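Here's the structure we're looking at; comments come further down.
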Amino acid sequence: MKRRDVMKAGALLAASAWAPVAVAAQSRDHSARIKALIDQMTLAEKLGQMTQIPGGRQKSLNSKLDAAMLDRVRKGEMGSFLHVAGAEPLRELQRVAVEESRLKIPLLFAMDVIHGYRTILPVPLALAASWDPAVAEAAARLAAEEAWAAGLHWTFTPMVDVARDPRWGRVVEGAGEDPYLGARMAEAQVKGFQGADLAKGQRLMACAKHFVGYGAAIGGRDYDSADVSDRTLNEVYLPPFHAAARAGAASFMTAFNDLGGVPMTANAALVRGTLRDNWGYQGLIVSDWNAIKELINHGVAETPAQAAALALRAGVDMDMASGTYSEHLGAAVAVDAGLLPLVDQAVGRILAAKARLGLFDDPFGFGDPAHEKAPLNRPVARDLARRSIVLLRNEGGLLPLKPGAKVGLIGALADDASSTLGSWRARGQIEDGVTLRAALGDTVEYQPGVKPRGSDGSGIPAAIDAAKRADVVLLAIGEDYDFTGEARSYAEIGLAGLQIALVEALKATGKPIVAILMGGRPLALEKALTGIPAVLQTWLLGVESGPAIAEILTGKASPGGRLPIGMPRVTGQSPIPYAHLPTGRPANPDLSVDSARYRDMDIGPLFAFGHGLGYSEVKYGELSLSAAEIPVTGTLTATISITNTGKVAVEEVVQLYANDPVASVSRPDRELRGFVRVTLKPGETRKVSFTLSAAQFGIWQPGKWVVEKGEIKLMAGASSTDIRSEAGFRITGTAAGDMPATSIATRVRVA
Ligand code: NOJ
C-alpha cells in the first residue's frame with residue numbers, strides 16, 4: 001500500500017473522515033467544467049489565474065482598484081485579489097470578471113481576517129489560552145459571517161505554526177508551543193471559518209499557514225532560517241498542519257523561511273512530497289507575500305524565471321503579490337515544456353477552490369450590504385475575551401476584589417483602545433475598543449503612570465499618590481499591540497520603557513498590587529512580578545477587553561484560561577518548551593552537581609505551560625485506566641474525577657500528559673495528549689474520561705510512524721507541572737502508525 005493510502009485508510013478508521021477526499025469529491029462535480037476551461041485557456045490566462053494581486057494595502061483596502069486595474073481584470077491577468085473588502089466594490093469587481101473577461105472566470109477575494117472582521121475578538125494566542133476549541137471555533141465563525149458579508153471568500157488564517165520562542169513576534173498569531181493543543185485549535189478554526197459547505201454562505205475559505213517551520217526561526221527572529229531535526233519537524237511542527245488538512249482547510253500557505261537551507265516556497269520534498277503526495281492534500285497552495293521572488297534573495301535562484309519554476313515544481317499554485325508567475329513563468333515554460341502539466345495542475349486547483357466556494361454557480365453569492373452594516377456582536381466578543389483570561393497568581397485570595405475596596409488603576413495600557421484590537425484588525429475601529437479604564441469608570445482612580453514605550457516618567461509621582469490613596473492597585477503593564485505581529489521580534493522581552501521603574505515605585509508603597517499583563521506574547525517578568533501577590537494575563541482581548549477583564553477582577557466571572565506557552569523567568573531562557581527530552585544529567589537544584597540548567601537562574605519557566613488558577617480549589621481523584629495493557633491497534637480509557645472543594649463555581653482545565661519512559665529514542669518528559677475545560681459548581685464532582693489509541697504514542701522514525709511495544713505513563717493534572725495522579729499501561733506490540741500522533745484527537749467525555 002502506498003503511504004498516501006495508508007494515511008487515508010487510517011484516517012477513515014479514526015472518528016472523522018479524511019476531509020481532503022471529500023474536497024476532491026466536491027470538485028469532481030466540476031471537473032468537466034474545469035477541464036473544459038483549462039483547454040480553452042492561453043498560457044497568459046493560466047498564469048493570470050495563478051496570480052494574486054494586492055487590490056490595496058493592508059491599511060488602505062481597495063486603494064489600487066482603479067480603471068487600469070479593471071482593464072487587467074478584463075484581460076484575465078489575475079485570479080485573485082488580496083487586501084480588498086466591501087460588498088459593493090467587490091460585487092462590481094466580480095461583475096467585470098464574470099461579464100467582461102473572455103472566459104468569465106470569477107475572482108477570489110482574500111484578506112487577513114485573523115481574529116474578527118468588524119467585531120475584533122481576542123488575538124489567536126489568547127483564544128488558545130481558553131483551552132477550549134469551541135472558543136476558537138466561535139471566533140472563526142463570527143469573523144467569517146462578518147467578512148462574508150463584506151464580499152470576501154478567503155482568509156489567510158489559521159496560523160498553525162508551533163511557536164516556542166516568545167521573542168518571535170508572531171507568537172501572538174498562533175496557539176502557542178504545543179502541537180496537540182495547536183492541532184485542536186487548528187481544526188476548530190477551520191471548522192468555524194468553513195462550516196460544512198463553503199458554498200452555503202456566511203463562511204470563508206481558511207488557509208493553514210505558514211507551511212512549515214516558520215515558528216522555529218533561529219533566535220526568534222521573524223523570517224530567519226529554521227533548522228529542526230526530521231523528528232521535531234514531524235512530531236512538533238507538522239502535526240497542526242496535518243490536523244488542519246484533515247479538517248478540510250481549503251488552502252495552505254507556504255512560509256517565508258528556509259528549513260535547513262531549502263526555502264519552503266521551493267521545498268518540493270515537503271510541499272509536493274509530504275503535503276500533497278503523503279497526506280493526499282487536494283486544496284489550493286498559495287505562496288506568502290512576494291516569497292517566490294524572494295527565492296532569489298535566499299540564493300537558490302538566479303533569475304525570476306528560475307524562482308518561478310522552483311516554486312511551481314515545489315507545488316505552489318498561486319503567487320501572492322510578487323508577479324513572478326505572471327511575468328516570468330512563461331519564460332521558464334519556453335525552455336522546459338515539462339512545466340506545462342504542472343501549470344495546468346495548479347490552475348485546476350485554483351478553479352476547484354472557486355468551484356468549492358460555489359462561485360461558478362453564483363459568482364455573487366458572497367457579500368450582503370445589509371448584513372455588512374450590522375452592529376458589532378459584543379456579547380460573543382465579551383464571552384470569548386472572558387474565557388481567554390488566565391489567572392497566574394493569587395496570593396492571599398487578593399482577587400476577586402472585595403466589594404467596597406478603594407481601587408487605584410494605573411498604567412497607560414489600561415486606557416489604550418488601539419491595543420485592545422491587536423495587530424491584525426481587519427475593519428475594526430479603535431473607537432470600538434472598550435478599555436479597562438472605560439469599563440471600570442468612576443469606580444476607580446485612574447493614573448496612566450507610564451506608557452509601555454518611551455522615556456517619559458513624569459506620570460510616576462501621580463501614580464504613586466493614587467496608589468497611596470487606594471486599598472488595592474490594579475497595574476496594567478506589558479506590551480501594546482505593536483510589540484507583536486509580523487516583523488515584531490524582540491531580543492529582550494521584559495518590560496519596555498519605564499515600566500519597571502513604575503512597578504518598583506508602586507511596590508515601595510506597600511499596597512497590594514494586581515498586575516494585569518497585556519500584550520501578545522508571554523513576557524519574562526520574574527523580577528518585576530516578585531512581591532506582587534496577584535497576576536492576571538489578559539493578552540489583547542478585542543473590543544470587549546475592558547468589560548471582560550472587569551468581570552474577572554470583580555468575580556462576576558471566574559478565570560478559566562491556561563497558558564498555551566510557558567512564561568520564561570528571563571529572556572535568556574527562551575525557548576523553554578515544557579516537552580523537553582530527558583538528558584543524561586537532568587537539571588538538579590543542587591549547583592554542586594553538573595546538570596542541564598543555567599547556573600544563574602532557577603530551573604524551569606516562571607509559569608508553566610498549562611498553568612492557570614481559578615477562584616476555587618479543585619481536588620483530583622486517582623487516575624484509573626481501563627486496561628493494564630492494550631494491543632498496538634487498541635484503545636484505552638483513562639478516567640479521573642475532579643471536585644470543586646471551594647465556595648464558588650470554577651472552570652477547571654483537566655490536562656492529560658503522556659510519557660514513554662523507555663523507547664528506541666529519548667522521548668519528551670511529558671507531552672499533552674488530552675484536555676478539557678469543565679465547569680464545576682461549588683461542591684460538585686465530575687468524572688472526565690479520555691479515550692486514546694495506541695497510535696497516539698507513535699514515534700517518528702525516518703520516513704514513518706512507529707508505535708513501539710512497552711510501557712506508557714499517563715499523568716493527569718492541572719498544568720504541565722501540577723500533575724495530580726499518574727498511572728501506567730503497556731502496549732503489547734510494535735507496528736507502523738498511520739499519522740502524526742498529535743494530529744489524532746483524544747475522545748473526551750465529561751459525566
Ligand atoms: C505576510 C504574512 O506572512 C502572511 O501571514 C499574510 O497572510 C500575508 N502577508 C498577506 O497579508
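Every read-out reported here was derived from the displayed coordinates using simple, explicitly stated rules and does not represent laboratory data. All values reported here derive from a predicted model rather than from experimental measurement. FYI the Cβ positions are ideal-geometry reconstructions off the backbone, even for glycines, and counts take in every protein chain you see.
General observations
- Residues of region 534-559 with amide N under 16 Å of the 7 Å Cα→Cβ point at Lys647: 555-556
- Per-pair calculated FRET efficiency, R0 = 35 Å: Ala487 and Asp197 via Cβ, rounded to 0.05: 0.45
- For a label point 7 Å along the Cα-to-beta-carbon line of His371, residues of region 65-89 with backbone N under 15 Å: 86-88
- Using only alpha-carbon positions in region 331-463, the gyration tensor eigenvalues give semi-axes of 51, 22, 16 Å once each is multiplied by 5 and square-rooted (largest first).
- Taking label points 7 Å from Cα along the Cα-to-Cβ direction, Glu711 and Asp362 give a separation of 6.1 nm.
- Under 5 Å from the amide H of Ser80 lie the amide H atoms of Thr51, Ile53, Leu108, each residue being 5 or more positions distant or on a separate chain, with H modelled from the backbone and absent for Pro and chain starts.
- Couplings 3J(HN,Hα) for region 587-604, derived from phi with the Karplus relation 6.51 cos²θ - 1.76 cosθ + 1.60 (θ = phi - 60°), are 3, 10, x, 7, 6, 7, 9, 6, 8, 7, 7, 8, 6, 9, 8, 4, 6, x Hz, where x marks Gly and Pro.
- Each residue of region 463-471 was assigned a 3J(HN,Hα) from its phi angle through the Karplus expression (A = 6.51, B = -1.76, C = 1.60, θ = phi - 60°), giving 5, 5, 4, 4, 4, 5, 7, 9, 7 Hz with x at Gly and Pro.
- Rounded to the nearest 0.05, the FRET efficiency derived from the C-beta distance between Ala587 and Arg747 at R0 = 45 Å is 0.85.
- Taking the Cα centre of region 385-500 as origin and assigning +1 to Lys and Arg Cβ atoms and -1 to Asp and Glu Cβ atoms, the resulting dipole is close to 340 debye.
- Ordered by the number of other Cβ atoms lying within 10 Å of each residue's own Cβ, fewest first, Met715, Met518 fall into the sequence Met715, Met518.
- The angle between the Cα long axis of helix 179-194 and the longest principal axis of the Cα atoms of the chain comes to about 60 degrees, rounded to the nearest 10.
- Kirkwood Rh (inverse of mean 1/r, distinct Cα pairs), region 269-314, angstrom: 11.3 Å
- Shape analysis of region 530-609 yields a ratio of the Cα radius of gyration to the Kirkwood radius, Rg/Rh, of 1.11.
- Stretch gain in nm, segment Lys704-Glu629, where the contour uses 0.36 nm per residue and the Cα spacing is subtracted: 24.6 nm
- In the chain, the DSSP-assigned H stretches of four residues or longer account for a calculated mean residue ellipticity at 222 nm of -7500 deg cm²/dmol, using -39500 (n - 2.57) per stretch and the full residue count as denominator.
- Taking amide H atoms as placed 1.01 Å from N in the peptide plane, the amide H of Leu409 lies under 5 Å from those of Glu445, Tyr446, Gln447, Leu474, each 5 or more residues away in sequence or on another chain.
- Look at the alpha carbon pairs under 8 Å that are at least 6 residues apart: their mean separation over the length of region 174-261 gives a relative contact order of 40 percent.
- The mean sequence separation of alpha-carbon pairs under 8 Å and at least six residues apart, normalised by the residue count of region 375-573, gives a relative contact order of 34 percent.
- The stretch between Lys406 and Asp602, if pulled fully straight at 0.36 nm per residue, gains 66.9 nm over its current Cα-Cα span.
- Compactness of region 184-312 - radius of gyration and Dmax, Cα, Å: 15.0, 45
- Taking amide hydrogens as placed 1.01 Å from N in the peptide plane, the amide H of Ile630 sits under 5 Å from those of Arg730, Ile731, Thr732, each at least 5 positions away in sequence or on another chain.
- Legend: distances between Cα atoms for Lys46/Lys209; Lys191/Lys354; Lys402/Lys468; Lys406/Lys556; Lys527/Lys681; pairs beyond 28 Å are Lys527/Lys681.
- Taking only the Cα atoms of the chain, the radius of gyration and Dmax are 26.0, 79 Å.
- Angle between the chain longest axis and helix 545-554 axis [Cα atoms, degrees, rounded to 10]: 30 degrees
- Gain on full stretching of the segment that runs from Asp71 to Asp471 - 0.36 nm per residue minus C-alpha separation: 137.3 nm
- In region 470-598, Cα pairs under 8 Å separated by at least six residues give a relative contact order of 23 percent.
- Modelled FRET efficiency - R0 51 Å, Ala663 with Ala508, Cβ distances, 0.05 increments: 0.45
- Rounded to the nearest 10 degrees, the inclination of helix 378-388 to the longest alpha-carbon principal axis of the chain is 60 degrees.
- When DSSP beta bridges are restricted to pairs lying wholly in region 3-371, around 15% turn out antiparallel.
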